[in-house]
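Participant: One structure is given below, represented as structure tokens, and several questions about it will come after.
Nothing in this text is a laboratory measurement; each read-out follows from the coordinates by a stated rule. Please read all numbers here as calculations on a predicted model, not as lab measurements. Note that each Cβ is placed from the backbone with ideal geometry, even for glycine, and that neighbours are counted across all protein chains shown.
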Amino acid sequence: MKKDIRSREDIYLLVKSFYVKLMQDDLIGHFFEDFSNSELLEEHLQTLVNFWDNVLFYSGGYRKNAMEPHLKLHQSKPFRSEYFSRWLSTFNSTVDDLFEGEMAHTAKTRALSIATVMKIKISNLK
Ligand code: HEM
């Protein structure tokens, strides 16, 4: 039986495993090229741990606007709908590989709703 997501250590394992997959992805891997630098990757993973700790456990440890870097990114590397589908299916399969339970479920539903808002904001830019 797998455990549920309970701690920052669990979240770290989740985002690290997720990024290993994203960086190898044939469709969206090119977005994450900078993170082949392990220092940049570790720094980014800490940001993601703060983000998900806030989303799942309301830690208050992430106070930036997560939409902003994506809107900026979209200007140089336009996002497509299928990129979001791939991001989400990769996120969901990473969660399912490692965890099960209420928080694991919540992580997947929150990812879907945030991605949906992001997609709407980005498509409104055009
Ligand atoms: C097609 C989908 C996506 C792609 C290609 C993508 C790509 C990226 C990239 C390249 C960065 C680094 C940007 C930078 O440092 O300038 C980033 C940051 C981030 N992404 Fe995404 N992303 C996607 C969707 C999402 C979704 C759906 C979420 C949330 C559920 C998310 C959460 C974050 C967060 C929290 C950061 C850190 C922002 C910060 O620095 O405060 N991303 N993303």
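Participant: Please name all residue pairs, on different chains or six or more residues apart, with Cβ atoms under 6 Å, provided the first residue is in region 43-65 and is closer than 20 Å to Lys108 by Cα and the second residue is among the hydroxyl-bearing types (Ser, Thr, Tyr).
Facilitator: What qualifies is Val49/Tyr12; Asn50/Tyr62; Phe51/Tyr62; Asp53/Ser59; Asn54/Tyr62.
Participant: Additional query: If you take the residues in region 6-26 that are assigned to a loop (DSSP other than H, G, I, E, B) and either within 15 Å of the chain's Cα centre (by Cα) or without any contact (Cβ under 8 Å) to a residue 60 or more places away in the chain (or both), which one is surrounded by the fewest Cβ atoms within 10 Å (Cβ to Cβ)? I'd like the intermediate steps shown before the answer.
Facilitator: Step one: filter region 6-26 for residues assigned to a loop (DSSP other than H, G, I, E, B), giving 6-7, 24-26.
From what's left, either within 15 Å of the chain's Cα centre (by Cα) or without any contact (Cβ under 8 Å) to a residue 60 or more places away in the chain (or both): 7, 24-26.
Working: Ser7: 10, Gln24: 10, Asp25: 15, Asp26: 7.
Looking at residues that are assigned to a loop (DSSP other than H, G, I, E, B) and either within 15 Å of the chain's Cα centre (by Cα) or without any contact (Cβ under 8 Å) to a residue 60 or more places away in the chain (or both), I get Asp26.
Participant: Kindly list the number of the only condition in (1) in contact with a strand residue (DSSP E or B) (Cβ under 9 Å, 6 or more places away or on another chain); (2) within 21 Å of Lys119 (Cβ to Cβ) that fails for Gly101.
Facilitator: If we test Gly101 against (1) in contact with a strand residue (DSSP E or B) (Cβ under 9 Å, 6 or more places away or on another chain); (2) within 21 Å of Lys119 (Cβ to Cβ), just (2) comes out false.
Participant: Still on this model: Report yes if Val55 is more than 11 Å from the ligand (Cβ to nearest atom), buried (at least 17 other Cβ atoms within 10 Å of the Cβ) and hydrophobic (A, V, I, L, M, F, W, C), otherwise no.
Facilitator: Working: more than 11 Å from the ligand (Cβ to nearest atom): no; buried (at least 17 other Cβ atoms within 10 Å of the Cβ): yes; hydrophobic (A, V, I, L, M, F, W, C): yes.
Against the criterion (more than 11 Å from the ligand (Cβ to nearest atom), buried (at least 17 other Cβ atoms within 10 Å of the Cβ) and hydrophobic (A, V, I, L, M, F, W, C)), Val55 does not qualify.
Participant: Within region 100-121, which residues are more than 19 Å from Met67 (Cβ to Cβ) and free of Cβ contacts under 8 Å to residues at least 12 places away in the same chain?
Facilitator: His105
Participant: Only one of (1) surrounded by fewer than 16 Cβ atoms within 10 Å (Cβ to Cβ); (2) among the aromatic types (Phe, Trp, Tyr); (3) under 15 Å from the mean Cα position of the chain (by Cα) fails for Trp87. Which number is that?
Facilitator: Going through the list (1) surrounded by fewer than 16 Cβ atoms within 10 Å (Cβ to Cβ); (2) among the aromatic types (Phe, Trp, Tyr); (3) under 15 Å from the mean Cα position of the chain (by Cα), Trp87 breaks only (1).
Participant: Further question on the same structure: Which condition breaks for Val15 when tested against (1) farther than 23 Å from Gly101 by Cα; (2) near the ligand (Cβ under 10 Å from one of its atoms); (3) not aromatic (Phe, Trp, Tyr)?
Facilitator: Val15 satisfies every listed condition except (1).
Participant: Within region 92-112, take every residue that is under 12 Å from the mean Cα position of the chain (by Cα) and within 20 Å of Tyr58 (Cβ to Cβ) and give me the one that is farthest from the ligand (Cβ to nearest atom).
Facilitator: Val95
Participant: Another one. Check Ala66, Ala104, Ala115, Ala111 and return the single one that is over 19 Å from Thr47 (Cβ atoms), surrounded by 13 or more Cβ atoms within 10 Å (Cβ to Cβ) and of a type in the set (Gly, Ala, Ser). Break it down stepwise before answering.
Facilitator: On the way: Ala66 fails: over 19 Å from Thr47 (Cβ atoms); Ala115 fails: over 19 Å from Thr47 (Cβ atoms); Ala111 fails: over 19 Å from Thr47 (Cβ atoms).
Testing whether each residue is over 19 Å from Thr47 (Cβ atoms), surrounded by 13 or more Cβ atoms within 10 Å (Cβ to Cβ) and of a type in the set (Gly, Ala, Ser) leaves just Ala104.
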